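Asks: My questions will all concern the structure given below.
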Amino acid sequence: MNYSIIYSSKTGNTKQLANIVQETLTELYPDAVCLSCCAAEDAPEDALTADRVYVGFWTDKGTCDADTAAFLGRLHDTTLFLFGTAGFGASSEYYKTILDNVRKNIAAGNTVAGTFMCQGRMPAAVRTRYEKMAEADPDNAQMKQLIQNFDKALAHPDETDFNELRKALRAWIASVH
Ligand SMILES: Cc1cc2nc3c(=O)[nH]c(=O)nc-3n(C[C@H](O)[C@H](O)[C@H](O)COP(=O)(O)O)c2cc1C
């Protein structure tokens, strides 16, 4: 059994999840070989040939970032576990929409056998932009919600997210073996 962990992370949230994936697999599969654990843009050919490929993305405009999309497009006949972070959270429907969009980059013949998503903090510049928009339009309720969401996201990913990811990995391993 071998596997690869390939991720894209602009500000570090998804990399934190990738670290949990690596730790958990090392614990659950002490004899398995990790062929590659690296950024999607650097993914070597052998990452594509692994028995299991764990792919981490950050959400960009409702789907995965471009580096992850390019990596997913290189996969053929693999079994995948997809994990990702998004600035907006707390809604499984929202995550499902994102994951459906991500799947559009995956060719037929590959199998997505497990998924996990959680919220991830956003850069401070995003809040500054929301604040300016709220100042210009004080009755805009949506802007207030966006600011509330931004503040909620600051705590994520947190230990609860990491534990949920560990749980999802255990469940997926039980189902694909
Ligand atoms: C340019 C840009 C676009 C984004 N688009 C979305 C989006 O459409 N939906 C969303 O929920 N979060 C969006 N986000 C938030 C990021 O997906 C989120 O902060 C993520 O956790 C970043 O992961 P990273 O730290 O691994 O780069 C966007 C962030 C940036 C910088």
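Asks: May I ask you to list the residues in segment 48-103 that are in contact with a Ser or Thr (Cβ under 8 Å, 6 or more places away or on another chain) and β-branched (Val, Ile, Thr)?
Replies: VAL53, VAL55, THR59, THR68, THR78, THR79, THR85, ILE98, VAL102
Asks: Suppose we keep only residues that are among the hydrophobic types (A, V, I, L, M, F, W, C) and surrounded by fewer than 18 Cβ atoms within 10 Å (Cβ to Cβ) within segment 97-121. Which one would you say is nearest to the ligand (Cβ to nearest atom)?
Replies: For segment 97-121, the residue satisfying everything is VAL112.
Asks: Looking at segment 122-144 only, could you name the residues that are modelled with pLDDT under 95, exposed (fewer than 12 other Cβ atoms within 10 Å of the Cβ) and either in contact with a Lys or Arg (Cβ under 8 Å, 6 or more places away or on another chain) or under 20 Å from ALA86 (Cα atoms) (or both)?
Replies: GLN142
Asks: Now a separate question. Has segment 85-96 got any residue that is in contact with a Gly (Cβ under 9 Å, 6 or more places away or on another chain), farther than 21 Å from ASN163 by Cα and either surrounded by fewer than 20 Cβ atoms within 10 Å (Cβ to Cβ) or modelled with pLDDT under 95 (or both)?
Replies: no
Asks: Could you list all residues from segment 121-172 that are in contact with a strand residue (DSSP E or B) (Cβ under 6 Å, 6 or more places away or on another chain) and more than 18 Å from THR59 (Cα to Cα)?
Replies: Filtering segment 121-172 down to residues in contact with a strand residue (DSSP E or B) (Cβ under 6 Å, 6 or more places away or on another chain) leaves 153, 156-157, 161, 165, 168, 172.
Result: ALA168, TRP172.
Asks: Mind checking which residues of segment 10-44 are touching a strand residue (DSSP E or B) at 6+ places or on another chain (Cβ under 8 Å), within 16 Å of the ligand (Cβ to nearest atom) and polar (S, T, N, Q)?
Replies: Those that are touching a strand residue (DSSP E or B) at 6+ places or on another chain (Cβ under 8 Å), within 16 Å of the ligand (Cβ to nearest atom) and polar (S, T, N, Q): THR11, ASN13, THR14, GLN22.
Asks: Here's something else I'd like to know. Would you mind telling me which numbered condition in (1) without any contact (Cβ under 8 Å) to a residue 12 or more places away in the chain; (2) more than 18 Å from the chain's Cα centre (by Cα); (3) in a helix (DSSP H, G or I) PRO138 fails?
Replies: Tallying (1) without any contact (Cβ under 8 Å) to a residue 12 or more places away in the chain; (2) more than 18 Å from the chain's Cα centre (by Cα); (3) in a helix (DSSP H, G or I), PRO138 fails exactly one: (3).
Asks: Would a scan of segment 39-57 turn up a residue that is small (Gly, Ala, Ser) and surrounded by fewer than 16 Cβ atoms within 10 Å (Cβ to Cβ)?
Replies: No: segment 39-57 contains no residue that is small (Gly, Ala, Ser) and surrounded by fewer than 16 Cβ atoms within 10 Å (Cβ to Cβ).
The values are calculated or read from the model by the stated rules, or taken from the named source; none is laboratory data. Note that the structure is predicted; figures quoted are calculated from it, not measured. All Cβ positions, glycine included, derive from the backbone under ideal geometry; neighbour counts span all protein chains shown.
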